[in-house]
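Notes follow the structure.
Quick note: the coordinates plus some simple rules give every number you see, no bench work behind them. Here the structure is a predicted model, which is why all the values come from computation and not from measurement. As a convention, Cβ positions derive from the backbone with ideal geometry for all residues, glycine included, and neighbour counts pool all protein chains shown.
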Amino acid sequence: MAQLQKELTVLNKLGLHARPAALLVQMTNRFSSEVTLRKNDIEINAKSIMGIMMLAAEYGSTLLVTAVGDDAEDALNAIQEIFNRKFEENDEGEE
Amino acid sequence: MKVADFLQLQKDRFKLCLFTDEHTLQSQIINNEVSRPGLVLCGFTERFAFDRTLVFGETEIVYLESLPEEKLKSYIEIMCSFDIPCMVVSKGLEPPRLMIEVANRRGIPVLGTTLGTQNFNRMLAGFLEQFFAPQTFIHATLADVYGVGLLYTGPSGIGKSECVLDLVERGHRLVCDDVVRIIRVGENTVVGMMNEKLGHHMEIRGLGIIDIFRLFGIRAVRSRKRIEVVVQLSRWENNVQYERTGLVDLTTKILDVELPLVQVPLVPGKNITVIGEVIAMNHLLKQKGYHTAKEFNRRLLEEMQQDRYIDELSE
């Protein structure tokens, strides 16, 4: 059982709106680990789409991702990957 | 909380004005304590709780104005030598000129209010208590079922939202889904509140995001509710011992407040909604003094006692 953390930056021009939030939540739900996201002093469960949207994480904001569980490392890597790929969006917010 | 923010946002509600200069507004109120200055106005500084918001009523102002200049200067200087976050003069009265001067020099804001002292104290204490209340966010769904605040917890995807959706369908009310903001009020109460950003939306897997308020109306929602029972949903597991009699009252803690806990295993085909309603109703019964399981057992013990008595008599 591992607990790992990573700081990630939102690279999407439009921030974490509904579409990327849905992609992220589909990703986090694939892993058995508990995953949380923290922006400033609010921490939410990253397996819940409402939680992610409540963060209102804009372009350039930094989020702290924490994964606790047997597949924590895989979870973090997968999340980092999806962040880096800007959730498959171009600058206009299209896929 | 910066006094500047307090003044700006609560000016109308608390009928406030400012006596000192603007630079004093940078001072920070650091706790929810409000009190009268007390004996420090006579120079008695031992046990002076200076980190509180001090309210000066009619008694204090009349006293200060009755002092000869030298004494007034001395006592004000002594009082203001402490790091007082904020002073307020009530009843529309004006503080002595000297007090404003010294406060300005020390960076202590002096506000005024037209409200009466008792009223202002009560209002401010209530406001600060809420502002400084310990708070947390938890991943859960909060519903008001028959007036009882039920907090549904459990792993993601287990069905908390769907459960509460069904409760709403049956006439109960949703406070908040997914991200519940919880604050502690006083020693023994926790209140769950909705977030303005999320409103009364709910995520139902397969369906997506729905707006309970728009779909079901005003009577299906509420903004905040005292949390009274925690309902923990879990996937049914073979080797776990579930509560069979209800004689043991399980509890859990949120923000250091102990709350009744009910663990409900989910089994396909079982109606979870009515279980939620019964949890609420049972809670109300217990509050009335009727503990079903205990009553049942008491009667059982009595009956067994009776039978044994009869057996012994007939020997």
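Overview of values
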read-out: FRET E, pair B:GLN135, B:GLU70, Förster distance 60 Å, beta-carbon r, rounded to 0.05; value: 0.80
read-out: Over chain B, volume per residue of the alpha carbon convex hull, in Å³; value: 222 Å³
read-out: Helix-derived mean residue ellipticity, 222 nm - over chain B, DSSP H n ≥ 4, -39500 (n - 2.57), to 500; value: -11000 deg cm²/dmol
read-out: Potential extension, B:GLU33-B:GLU303 segment - 0.36 nm per residue separation minus Cα distance; value: 91.6 nm
read-out: Over the protein assembly as shown - Rg/Rh using Cα atoms and the Kirkwood inverse-distance radius; value: 1.11
read-out: Overall Cα dimensions of the range B:135-295 - principal axes, largest extent first, Å; value: 44, 40, 26
read-out: Cut-off 17 Å (backbone N to label point 7 Å along Cα→Cβ of B:PHE82), residues of the range B:17-42; value: B:28-42
read-out: Proximal charge balance of B:ARG184 [Cβ under 15 Å; K/R count +1, D/E count -1]; value: 0
read-out: Taking N as its residue count, the alpha carbon Rg of the range A:22-67 over 2.2 N^0.38 Å; value: 1.05
read-out: Relative contact order [Cα under 8 Å, 6+ residues apart], the range A:2-88, whole percent; value: 45 percent
read-out: Gained length - B:ARG13 relative to B:LEU250, 0.36 nm times residue gap less alpha-carbon distance; value: 81.0 nm
read-out: Helix runs (DSSP H) in chain B reaching 20 Å along axis by Cα, Kyte-Doolittle at least -0.5; value: B:117-131, B:272-288
read-out: Those lysines that a straight Cα-Cα span of less than 22 Å connects to A:LYS86, excepting residues fewer than 8 apart in one chain; value: A:LYS6, A:LYS13, A:LYS39, A:LYS47
read-out: Net length gained if the chain between B:ILE218 and B:GLU295 were fully extended (0.36 nm per residue, minus Cα distance); value: 23.8 nm
read-out: Simple spin-label estimate for B:ALA4 and B:ARG235 in nanometres, 7 Å along Cα-Cβ; value: 5.3 nm
read-out: Number of Lys pairs (Cα under 28 Å; 8 or more positions apart or on different chains) in chain B; value: 29
read-out: Fewest-first ranking of B:LEU54, B:LEU284, B:LEU67, using other Cβ atoms within 10 Å as the exposure measure; value: B:LEU284, B:LEU67, B:LEU54
read-out: Ranking of B:TYR309, B:TYR63, B:TYR152 by count of other Cβ atoms within 10 Å, fewest first; value: B:TYR309, B:TYR63, B:TYR152
read-out: Nearest-ten-degree value, helix A:18-28 long axis tilted from longest Cα axis of chain A; value: 20 degrees
